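Just below is one structure, and these are the notes that go with it.
Values in this text are rule-based calculations from the coordinates and carry no lab data. Remember, it's a predicted structure, so these values are computed and weren't measured experimentally. We place every Cβ from the backbone using ideal geometry, glycine too, and count neighbours over all the protein chains shown.
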Amino acid sequence: MLFYSFYKTLVGKEITVELKNDLSITGLLQSVDQFLNIKLKDIKINEEQKYPYMLSVRNCFIRGSVVRYVHLPAEDVDVETLQDHSRLEAREQKKMQQMQQQQQQQSSK
Amino acid sequence: MSDKKEEGTVEEPLDLIRLSLDERIFVKMRQDRELKGKLHAYDQHLNMILSDVEETIKVVEKDEETDEEIVKSIKRNIKMLFIRGDGVILINF
Amino acid sequence: MSLLEPYIKKNVLVLTYDGRNLVGVLRGIDQAVNIILESCHERIYSEEGIQKFPLGVHIIRGDDVAVVGEIDKELDDKLDLPSIVADPLKPIVY
């Protein structure tokens, strides 16, 4: 959920999504869902001459699983908050695991 | 196992990554890509955010005349980068 | 709520995992991003420009969908497809 929440803070900002087929799409982040599927508007393909597949497309949906990288606007990324959230989520993840282990032990007794 | 876990203890691979937050790490990716950058976020899928990233891509080119294979490195720098975890092979600290 | 819902009944371009370019009217979607395209055609890229290949109604499995783009009719009508020369789109590789 960490990255889903993070992307929601970037709605309206310009990002570049690099796909696993080497296509690079720059646009304004319109929305995101829990699978990290991404919707961009006012898109531009980098190296349009070489990759003229989306010349008549302004808005698009990108399936999260085809993303290789996302280039982020550094000035809009609060690294302190990200690090805190990463630690917090790691802790919660562990708690969940321990609870599941305890439940399994109890049910096997 | 004690119930109270110290923040600093390392029991699982992901603990090691947690201790590398705010540190520079090396990430080897599929497709002969390598990244160096400062880690700011990660999750259990190994999705990550790195800053001041240097990416190195190794490309093999064939010399048309001699038929020899030449390995070329292409480098680029990216200020702030999200990396999808499914492309990650290994992380070095 | 699916992110694709606002594209329903609109003319869309679907890029698939294996690098195909499909254009048609988005008739339906579901949670798994399975897609029904109506009045669909494939745009094939080659050295001889883009060729259209009619397909009728087409169902694309969600796992094969990479990108769905909303087509701007005005921009699309202005494209001279036979003059656009490019290699086919690469497949998605991990």
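For segment B:56-93, the tally of residues that are charged (D, E, K, R) and more than 30 Å from B:LEU14 (Cβ to Cβ) stands at 9. Within segment C:40-91, restricting attention to residues that are among the basic types (Lys, Arg) and surrounded by 14 or more Cβ atoms within 10 Å (Cβ to Cβ), which residue is nearest to the other protein chains (Cβ to nearest Cβ)? Looking at residues that are among the basic types (Lys, Arg) and surrounded by 14 or more Cβ atoms within 10 Å (Cβ to Cβ), I get C:LYS90.
Checked across segment B:3-26, the condition of being in a strand (DSSP E or B) and of a type in the set (Asp, Glu) holds for no residue. Being small (Gly, Ala, Ser), surrounded by fewer than 21 Cβ atoms within 10 Å (Cβ to Cβ) and within 12 Å of chain C (Cβ to nearest Cβ) is not true of A:SER5.
Restricting attention to segment C:1-16, the residues that are β-branched (Val, Ile, Thr) and assigned to a loop (DSSP other than H, G, I, E, B) add up to 1.
Grab the strands (runs of 3 or more DSSP E) fully contained in segment B:28-90, keeping just those with 2 or more residues being loosely packed, with under 13 Cβ neighbours inside 10 Å. By residue number, B:48-62, B:69-83. Scanning segment B:46-59 for residues that are in contact (Cβ under 8 Å) with a residue 24 or more places away in the chain, over 16 Å from A:VAL70 (Cα atoms) and not aliphatic (A, V, I, L, M) returns a single hit, B:LYS58. Residues being farther than 19 Å from A:ILE43 by Cβ, among the polar types (S, T, N, Q) and within 10 Å of chain A (Cβ to nearest Cβ) are entirely absent from segment C:10-21.
The set of residues from segment A:31-62 being surrounded by 18 or more Cβ atoms within 10 Å (Cβ to Cβ) and either closer than 21 Å to B:MET80 by Cα or more than 8 Å from every other protein chain (Cβ to nearest Cβ) (or both) comprises A:VAL32, A:LEU36, A:ASN37, A:ILE38, A:LYS39, A:LEU40, A:ILE43, A:ILE45, A:ILE62.
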